[in-house]
1. Could you say whether any residue in the range 24-37 is among the hydrophobic types (A, V, I, L, M, F, W, C) and either within 30 Å of Thr168 (Cα to Cα) or free of Cβ contacts under 8 Å to residues at least 12 places away in the same chain (or both)?
2. Just to be sure I understand, how many residues within the range 202-227 are part of a loop (DSSP other than H, G, I, E, B), of a type outside the set (A, V, I, L, M) and either open to solvent by 30 Å² or more (accessible area, probe 1.4 Å) or closer than 18 Å to Glu309 by Cβ (or both)?
3. Identify the residue in the range 73-98 that is touching a Gly at 6+ places or on another chain (Cβ under 9 Å) and either over 14 Å from Asn229 (Cα atoms) or open to solvent by less than 30 Å² (accessible area, probe 1.4 Å) (or both) and, among all such residues, is modelled with the highest pLDDT.
4. Exactly one of (1) within 21 Å of Ala97 (Cβ to Cβ); (2) open to solvent by less than 80 Å² (accessible area, probe 1.4 Å) is unmet by Gly51. Its number?
5. Filter the range 245-281 down to residues that are small (Gly, Ala, Ser) and within 24 Å of the chain's Cα centre (by Cα) and give me whichever is most open to solvent (accessible area, probe 1.4 Å).
6. Just checking, does the range 323-344 include any residue being farther than 25 Å from Ser162 by Cβ and in a helix (DSSP H, G or I)?
7. How many of the residues making up the range 302-322 are open to solvent by 60 Å² or more (accessible area, probe 1.4 Å) and under 16 Å from Ser278 (Cβ atoms)?
8. Which condition from (1) open to solvent by less than 80 Å² (accessible area, probe 1.4 Å); (2) of a type in the set (A, V, I, L, M, F, W, C); (3) more than 28 Å from the chain's Cα centre (by Cα) is the one that Met46 breaks?
Amino acid sequence: MSRLQTFLAKMELGAQQKRQLLDSISEFLEYGISMHAIFSELLPEMYPKGGVRFVIDDIFERISDGAYLSDALLPWFGKKVSATVKSGEASDSLYSALKIAAESTAKEASLLPIFANKLIYPIVAIMMSLVVIEMMKIKLFPSILTLLKSTPLPPNIANYLSYAKFMTGFGFILLALFILLIGIAITLVVHNYTGALRPSLDKLPIFAIYRKSAGAYLLGQLGFYFKSNILLDAALQNILDASPSRYVSMHCNKMMSNIEDGVSNVAYAFDTGLLDNSVMSVMKAMGKVNKIEDNCASYSILLTKEVVETVAKSGKLVGLILLFYGAMNIAWSIESMYATIGFVQTTLMS
């Protein structure tokens, strides 16, 4: 497969297609159909052409060369899906693992639209404010500067004119690129930083959301292993073998260390700072009656729901900030327009 075909296939393989493929594979496996038949006959019939077909053919080629399904899925579905499927392969529960992977793909894919939907109107408002600023710059100020000739402008009008030139030039693009770079940097830190400052950073909003999401992922994985009658220490080792993020790996290692130190209640093994105190309190109560293994999956669903709600609230807050910024642009434009008219009248009359 050429690089261009790979790029186009990844562009076409959206969250919905990923979920459908994972669901289809799991259902075919439940019916007892071989992996070879699934990728050589059934899936090609469902997707006879296009980018998804390229993905199916590539996965089939990798499997035919001896790769595990989890490894064959990695280039297309990402690390988290591959790790979940690898867990299923290790515990002989591939069907369940594919179902979990399909559900998690759908949930994670829903976070971006939830966040983005809160920003549509504020972004439109900002663009409208920039249009107003551009009109002020090309219509009002040139004629004013012509009338005033060399008369210096008052600071408030001069500041607005400088701002208008910046924002309608390359300023807005530079600002957007700066925000993008900050976002990339934060993402890398959130996923990979595990130093001494991490517990403090986890109290910050973005880090707190990721911490809760990581907790949901880890509990979901453990719940899956517990259903397969795999003990906690072995389950944690399997998760580590699946190469999760450095952050999740850190908490897995802490849990294994807690187990080695000896715990009277299995819930204390989870006391690594990953889970909120409220969740830990419930788990400790469940641990006393040996019910943690039965409830990890439900805790995972609960935490995922909380993440979705938090992302929605965060999107609303960011939207309000952007809306305020757009409103301030328009208000400043109106104020500058009246100030400019007053200044021109005063100057011409003097």
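The values are calculated or read from the model by the stated rules, or taken from the named source; none is laboratory data. On a predicted model such as this, the values are computed, not experimentally measured, just so you know. So basically every Cβ, Gly included, is an ideal-geometry build from the backbone, and we count neighbours across all protein chains shown. Each accessible area value is taken on the protein alone, full model and side chains, heavy atoms only, with ligands, DNA and RNA left out. Shrake-Rupley method; radii C 1.70, N 1.55, O 1.52, S 1.80 Å.
1. For the range 24-37, residues among the hydrophobic types (A, V, I, L, M, F, W, C) and either within 30 Å of Thr168 (Cα to Cα) or free of Cβ contacts under 8 Å to residues at least 12 places away in the same chain (or both): present.
2. Final tally of qualifying residues: 1.
3. Our first condition is that a residue be touching a Gly at 6+ places or on another chain (Cβ under 9 Å); within the range 73-98, this holds for 84, 94-98.
Among the residues that remain, those that are also either over 14 Å from Asn229 (Cα atoms) or open to solvent by less than 30 Å² (accessible area, probe 1.4 Å) (or both) are: 84, 94-95, 97-98.
Details: Thr84: 81, Leu94: 84, Tyr95: 84, Ala97: 82, Leu98: 87.
The qualifying residue modelled with the highest pLDDT is Leu98.
4. (1)
5. Within the range 245-281, the first condition is being small (Gly, Ala, Ser), and the residues that meet it are 245, 249, 257, 262, 264, 267, 269, 273, 278, 281.
Now restrict to residues that are within 24 Å of the chain's Cα centre (by Cα): 245, 249, 273.
Details: Ser245: 28, Ser249: 24, Gly273: 46 Å².
Applying the filter and picking the extreme gives Gly273.
6. No, that holds for no residue.
7. Pass one, the range 302-322, residues open to solvent by 60 Å² or more (accessible area, probe 1.4 Å): 302, 305, 309, 313, 316-317, 320-321.
Next cut, under 16 Å from Ser278 (Cβ atoms) only: 302, 305, 309.
Matching residues across the range 302-322 total 3.
8. (1)
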